[in-house]
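Working notes, beginning with the structure itself.
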Amino acid sequence: MIEKKNIDITASITYFLRIQQAILPKQADLEKYFDCFVFYRPKDIVSGDFYWFAEKGDTQIIAVADCTGPLSYPFI
């Protein structure tokens with residue numbers, strides 16, 4: 001029973017990875033407007049950290065978020 005639950009949970013997490021990858025902006029899209037790079041390496045399968053990018057007219061908006069708990073390092 002534990003083995004079955006583990007398989008089900010891992011399948012759900014892997015499915016969420018597909019969703020997460022679909023909504024994260026591509027680095028090429030960010031590079032059109034910013035001199036930047038993306039270092040995105042989830043600890044396990046998916047990450048609680050994410051970034052988002054949007055354009056509205058002549059304005060570009062970028063957000064970076066941590067959804068996993070308290071911030072444990074200084075934010076610069």
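The values are calculated or read from the model by the stated rules, or taken from the named source; none is laboratory data. All values reported here derive from a predicted model rather than from experimental measurement. So basically every Cβ, Gly included, is an ideal-geometry build from the backbone, and we count neighbours across all protein chains shown.
Within segment 33-62, the set of residues being under 16 Å from residue 21 (Cβ atoms) and polar (S, T, N, Q) comprises just one member, 47. In segment 23-34, which residues are over 17 Å from residue 65 (Cα atoms) and part of a helix (DSSP H, G or I)? 28, 29, 31, listed by residue number.
Okay, residues lined up against (1) surrounded by 12 or more Cβ atoms within 10 Å (Cβ to Cβ); (2) in a loop (DSSP other than H, G, I, E, B); (3) at pLDDT below 85; (4) of a type in the set (Ser, Thr, Tyr):
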{"position": "36", "(1), (2), (3), (4)": "no, yes, no, no"}
{"position": "44", "(1), (2), (3), (4)": "no, yes, yes, no"}
{"position": "53", "(1), (2), (3), (4)": "yes, no, no, no"}
{"position": "72", "(1), (2), (3), (4)": "no, yes, yes, yes"}
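Annotation note: of 40, 15, the sole residue that is in contact (Cβ under 8 Å) with a residue 12 or more places away in the chain and under 30 Å from residue 61 (Cβ atoms) is 40.
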